[in-house]
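Chemist: This is the structure I have questions about; it appears just below.
The values are calculated or read from the model by the stated rules, or taken from the named source; none is laboratory data. Keep in mind that this is a model prediction, so the values were computed, not measured. Here the Cβ is made from the backbone with ideal geometry for all residues, glycine too, and neighbour counts use every protein chain on show. Just so you know, the surface numbers come from the protein's heavy atoms only, side chains and all, with ligands and any DNA or RNA stripped out. Shrake-Rupley method; radii C 1.70, N 1.55, O 1.52, S 1.80 Å.
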Amino acid sequence: MSANSWWTEVQMGPPDPILGVTEAFKRDTNSKKMNLGVGAYRDDNGKPYVLSCVRKAEALIASKMLDKEYLPIGGLGDFNKACAELALGPDSEVLKSKRSITVQTISGTGSLRIGANFLSRFHTVARDVYLPKPSWGNHTPIFRDAGMQLKAYRYYDPATCGFDFTGALDDVSKIPEHSVIMLHACAHNPTGVDPRPEQWKELSAVIKKRKLLVFFDMAYQGFASGDIDRDAWAVRYFLEQGHSVLLSQSFAKNMGLYGERVGGFTVVCADAEEAKRVESQLKILIRPIYSNPPMNGARIASTILSTPELRSTWLEEVKGMADRIIKMREMLVTNLKKEGSTHNWQHVIDQIGMFCFTGLKPEQVERLTKEFSVYMTKDGRISVAGVTSGNVGYLAHAIHQVTK
Amino acid sequence: MTVSLINGGRGVYILFFFFFSSWWTEVQMGPPDPILGVTEAFKRDTNPKKMNLGVGAYRDDQGKPFVLNCVRKAEAQIAAKKLDKEYLPIGGMAEFSKACAQLALGPDNEVLKSGRSITVQTISGTGSLRVGANFVSRFHNVSRDVYLPKPSWGNHTPIFRDAGMQLKAYSYYDPKTCGFDFKGALDEISKIPEKSVIVLHACAHNPTGVDPRPEQWKEMAALIKKRNLLVFFDMAYQGFASGDIDRDAWAVRYFIEQGHNILLSQSFAKNMGLYGERVGGFTVVCKDAEEAKRVESQLKILIRPIYSNPPMNGARIASTILNTPELYKEWLVEVKGMADRIIKMREMLVSNLKKEGSTHNWQHVIDQIGMFCFTGLKPEQVERLIKEFSIYMTKDGRISVAGVTSANVGYLAHAIHAVTK
C-alpha cells in the first residue's frame, strides 16, 4: 500500500533547543523544579497572565458580533495605524508626512520574515545582514531562508556581562556600505544588555557614516523599562537622525497576545509616493505566503490602543509586568548575597527585559538542571519571568551552590 | 547631512535630505490584485442594482456575510473557558490537526491508524500551500516542476514560484463545452516527466467549477501512478461543493487507497466561514510512522523562521466544532445549507435565462460545482456587464455564485441575456 516513498532522504532534524528545555522540565518530577527557559511572562504564582485590558477588549469585540471576512492583504487598517503610532509616537514627522507603510504581520517572526523577504527581493545592493553577537536564535534561519547572508558584529562582553561598546563600534565601522544591520530596540534577546542613550547616539552616527540599512527588532516595547516611550527611544532617535529604518514590532509579550500572533512591519521611506510603491510590493510578497493575516489578535490590539480607558489600563499592566521582572532581578541578587556569594551579580540588575545572561558556564548550567531541577538554556540565559517570590530563594541557593 | 530650506507657502519647511537618497528608489509600483480591483470598482459604483460577483466569500440570500451558528456557539464555549494565550506548538494545536486530518481522510483511514501521516496547522489554505511548496522545494530534489491545471487559482503560481519551483500546466478546462477536457488532461499528464509534482483540486475547481467524475478520477489516478508523479491535493471546499463532506473528499481518499502518498492542503475559510481567522492544515502522507516523524521535524524547522507558530483563535473554533458531536452535526447541516443555496442559485439563473428567451446552452452553469462558475462570457461581454449593468466579475467570465440571491438573480439573467443574445 505504501511502497512508494518520496521522503526517504529526509533526515530527522535537530529538536528546537528551547523546546527541549521545556520538554525535559515537564518530565522532571522534582516538586521544586523551575522552568527558566520559557520566553513567556508568568505572574508571581508562576502562571500565564492574560491582561485584563485584553479580556475587556475581547468582551467589547464579542458584543459587536463582527463578521469573519478576510482582512486586506496588509491587515487591519486601524491596527496598522495604531501600531505605527505606538512605535514612532503620535507626533512623528514620518507619520505626518505619510512616508511610511506599516503592514500587520504574524507577530514578530512574521514581521522579520516579511522584512527579510523584502530585502532579499529589493535590496539588491547587498546580501549581508549583520546581527549582534549573540542574537535571538531564530534571526539566523529567518534571514538565511529568505536568501540573505548572515554576519555579526560584537555586542556582548562576557568579561563584564555587559555591552562591548568599543568592540561594537569597531566592528560596525568596518561593515561594508549598504549592508543591513539588525538592532534590538530594547531588552536585547538573549542578553538583556542594552546600549545607553549616549552609546546609541554614537552607534547611530557610525551607522549613518557607513551608510547601513537599519532593521530594528522591537519585540518588547513597554516590557523593558515599563515605559513605552522610553523603550522606543532608540527607534525614534534614529528616525530623527535621518535613518529610513525597517521596523518589526511584536505584541506577543507587551500585550500577552502570544498565540494570537500580532505584529507589524514598517518601512520608512523617502516620501509618501515611495511608501505607496513599497506597499504594493509588500502585498505582492505577502499574498503567496498567507494571503492576509489573522484577525482576532489585531482586533484586540487595535481596540486596546484606540480605546482610551483600555489603553490606560494596558500601560499600567505592562508597567506591572516590567516592574515584577525588575523586582525579581533585585530579589535574586539580594538572595545571592544572603547565601554568601562573593561574585559580582550587578549585571543581573543592570540587564533589562525578560532575559538575563547569568554568566553561568555550561557545566554549571548542567549541574543546576541535574542537581536542582532548574532548567535554562545552555548559554546560561534565564527567563526572569519564570522567577517568583516563592522560588527566588531556591534559585539563589542553587546558583550559589554551583558557583561558590 | 544637507539641510535645505523650501518655501512651502504657509511657512518655511526644513527638509533634511538623508545622507543617502533612498533605499527604495528602484522599487516599482506593483500591479493591483486582479480580484481586489473588481471589488474596488464595485465599491465606487453608485448604481443601486449593482452586483459584486468577484467576491470569493459566501453570502446569504440577503447578500450578507454569514457567520455560522456552530461557530458562534463554539466561540461562546471557548470564551467561557477563559483559556490563556500561550504559544501553540510550531505545528499548531494538536487536537485541531488530528481532527483536520480525520475530516479529510475519514476517521477509519488506514493512514491515520498507522500513524504514517503528519498534519500541521497552517495559515488557512494559502499558508498550507506555501508550507508545502517550501517543503517540496527543499526536499523534493528530484524535480523542480509543479504542474497546475489550466486554468488554476491565480495565487497558485506565485506560491510555488516564490518557493523556488517551476510552473507548468496540464490541460483541464474545455472552453468549447465549458466542461472538463478529460482527453486533453490524460494526454498531457501522460507526458509529464516522472517525479514531477502535480496539483489537483480535490473538489469545486477554482476558478471553473468543473470537477472530474469519479470514473475520470480513477483513470487519472492510474495514469498519475504510472507516471510516478507526486500528487499535491488542494482541498479548499470540502463540504462546500456537494454539501457532503465525504463525497467532496472522495478523490483524496481514493488516491490514498490507490497507494499515492500525497500532499494535502485544507482550508476552513469557506466551509466553516472562518475566512479571516486563517485556519488550515497541511498533510504529508508518508511511507510509515518513522518517516512521518522525520518529515514532521523538518516541517517545524521550515515553519519556525516563517511565523514561529500559528494563530490560535480559529483553530480553537474549528477544533471545538469538529470535536463536539452536537456542534459537528450542526456544522454539517449549515455547510450543506450553504452548498444547497449555491446549487439553487445556479438553477434559478438558468431558468431565468430561459425565461429571458436565451437560446444558448447554459447547462454548464448547473453542472459546475462550488462557489464559482465559468460562464463562458467573453471579455467584451464582461466589460458590457460591468459598464451597462454594474455587474462585476473577473475578466475571465468567472462569477461567484455566492454573490447571487433570489432577489437579484432575475436582474443577472436579464443582463447576461442582453450581452449574449
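Chemist: Within region B:193-212, is there a residue that is in contact (Cβ under 8 Å) with a residue 60 or more places away in the chain, among the acidic types (Asp, Glu), touching a Phe, Trp or Tyr at 6+ places or on another chain (Cβ under 8 Å) and not in a helix (DSSP H, G or I)?
Modeler: Checking region B:193-212: at least one residue is in contact (Cβ under 8 Å) with a residue 60 or more places away in the chain, among the acidic types (Asp, Glu), touching a Phe, Trp or Tyr at 6+ places or on another chain (Cβ under 8 Å) and not in a helix (DSSP H, G or I).
Chemist: Considering each of A:Arg230, A:Arg196, A:Arg210 in turn, give the residue that is under 19 Å from A:Leu315 (Cα atoms) and at pLDDT 95 or above.
Modeler: A:Arg230
Chemist: Here's something else I'd like to know. Output the number of residues of region B:118-151 satisfying the condition of being outside any loop (DSSP other than H, G, I, E, B) and under 20 Å from B:Arg294 (Cα atoms).
Modeler: Residues flagged as outside any loop (DSSP other than H, G, I, E, B) and under 20 Å from B:Arg294 (Cα atoms) within region B:118-151 amount to 17.
Chemist: Here's another thing I want to ask about it. Restricting to region B:63-119, name every residue that is of a type in the set (S, T, N, Q), surrounded by fewer than 20 Cβ atoms within 10 Å (Cβ to Cβ) and within 13 Å of another protein chain (Cβ to nearest Cβ).
Modeler: Passing the criteria: B:Asn69, B:Gln77, B:Asn109, B:Ser114.
Chemist: If I filter region A:214-223 for residues that are in contact (Cβ under 8 Å) with a residue 40 or more places away in the chain, out of contact with any strand residue (DSSP E or B) (no Cβ under 6 Å at 6 or more places or on another chain) and either β-branched (Val, Ile, Thr) or within 12 Å of another protein chain (Cβ to nearest Cβ) (or both), do I get at least one hit?
Modeler: So far as region A:214-223 goes, no, none of its residues is in contact (Cβ under 8 Å) with a residue 40 or more places away in the chain, out of contact with any strand residue (DSSP E or B) (no Cβ under 6 Å at 6 or more places or on another chain) and either β-branched (Val, Ile, Thr) or within 12 Å of another protein chain (Cβ to nearest Cβ) (or both).
Chemist: Please enumerate the residues belonging to region A:332-364 that are part of a helix (DSSP H, G or I), open to solvent by less than 60 Å² (accessible area, probe 1.4 Å) and under 17 Å from A:Gly192 (Cα atoms).
Modeler: Listed by number, the residues that qualify are A:Leu332, A:Val333, A:His347, A:Val348.
Chemist: Give me the pairs: first residue in region B:43-63 and closer than 19 Å to B:Asp340 by Cβ, second residue part of a loop (DSSP other than H, G, I, E, B) and among the basic types (Lys, Arg), beta-carbon distance under 7 Å, and six or more apart or on different chains, which are they?
Modeler: Close Cβ pairs (under 7 Å, with a partner that is part of a loop (DSSP other than H, G, I, E, B) and among the basic types (Lys, Arg)) amount to B:Tyr58/B:Lys270.
Chemist: Now for a separate question. Kindly indicate whether A:Thr377 is in contact (Cβ under 8 Å) with a residue 40 or more places away in the chain and either small (Gly, Ala, Ser) or part of a helix (DSSP H, G or I) (or both).
Modeler: no
Chemist: Can we say A:Asp43 is open to solvent by 30 Å² or more (accessible area, probe 1.4 Å) and at the interface with chain B (Cβ under 7 Å from one of its Cβ atoms)?
Modeler: Judged against the criteria, A:Asp43 is not a match.
Chemist: Also, quick follow-up: Identify the residue in region B:165-180 that is open to solvent by less than 40 Å² (accessible area, probe 1.4 Å) and in a loop (DSSP other than H, G, I, E, B) and, among all such residues, is farthest from B:Val365 (Cα to Cα).
Modeler: B:Met165
Chemist: Show the residue pairs meeting these rules: Cβ distance below 6 Å; 6+ apart or different chains; first residue within region B:166-184 and farther than 9 Å from B:Lys150 by Cα; second residue of a type in the set (A, V, I, L, M, F, W, C) and part of a loop (DSSP other than H, G, I, E, B).
Modeler: Hits for this filter: B:Gly179/B:Val210; B:Phe180/B:Val210.
Chemist: Select from region B:376-397 the residues that are open to solvent by less than 10 Å² (accessible area, probe 1.4 Å) and closer than 15 Å to B:Asn206 by Cβ and list them in ascending order.
Modeler: Hits for region B:376-397 are B:Met393, B:Gly397.
Chemist: Quick check: is even one residue across region B:278-292 open to solvent by 10 Å² or more (accessible area, probe 1.4 Å) and more than 10 Å from chain A (Cβ to nearest Cβ)?
Modeler: yes
Chemist: Answer yes or no: is there a residue in region A:190-200 that is crowded, with 19+ Cβ neighbours inside 10 Å, out of contact with any Ser or Thr (no Cβ under 8 Å at 6 or more places or on another chain) and within 13 Å of chain B (Cβ to nearest Cβ).
Modeler: No: zero hits.
Chemist: Sticking with this structure for a sec: A:Lys211 passes all but one of (1) among the basic types (Lys, Arg); (2) closer than 28 Å to A:Leu76 by Cα; (3) facing chain B (nearest Cβ under 9 Å); which number fails?
Modeler: Every condition holds for A:Lys211 apart from (2).
Residue-wise test of (1) free of Cβ contacts under 8 Å to residues at least 24 places away in the same chain; (2) at positive phi; (3) not hydrophobic (A, V, I, L, M, F, W, C).
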residue: B:Ile306; (1), (2), (3): no, no, no
residue: B:Met312; (1), (2), (3): no, no, no
residue: B:Lys329; (1), (2), (3): yes, no, yes
residue: B:Lys336; (1), (2), (3): no, no, yes
residue: B:Ile343; (1), (2), (3): no, no, no
residue: B:Leu353; (1), (2), (3): no, no, no
residue: B:Ile366; (1), (2), (3): yes, no, no
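Chemist: Mind checking which residues of region B:108-141 are among the β-branched types (Val, Ile, Thr) and more than 18 Å from B:Lys270 (Cβ to Cβ)?
Modeler: Within region B:108-141, B:Val111, B:Ile118, B:Thr119, B:Val120, B:Val131, B:Val136 meet the criteria.
Chemist: Just to be sure, is B:Ser137 open to solvent by 10 Å² or more (accessible area, probe 1.4 Å) and out of contact with any strand residue (DSSP E or B) (no Cβ under 7 Å at 6 or more places or on another chain)?
Modeler: yes
Chemist: May I pose another question? If I ask for residues that are more than 8 Å from chain B (Cβ to nearest Cβ), closer than 15 Å to A:Ala40 by Cα and either assigned to a helix (DSSP H, G or I) or open to solvent by 10 Å² or more (accessible area, probe 1.4 Å) (or both), which ones from region A:255-276 would you list?
Modeler: Of everything in region A:255-276, nothing turns out to be more than 8 Å from chain B (Cβ to nearest Cβ), closer than 15 Å to A:Ala40 by Cα and either assigned to a helix (DSSP H, G or I) or open to solvent by 10 Å² or more (accessible area, probe 1.4 Å) (or both).
Chemist: List pairs: first in region B:134-161 and small (Gly, Ala, Ser), second crowded, with 17+ Cβ neighbours inside 10 Å, Cβ under 6 Å, 6+ apart or cross-chain?
Modeler: B:Ser137/B:Ala163; B:Ser137/B:Met165; B:Ser143/B:Ser196
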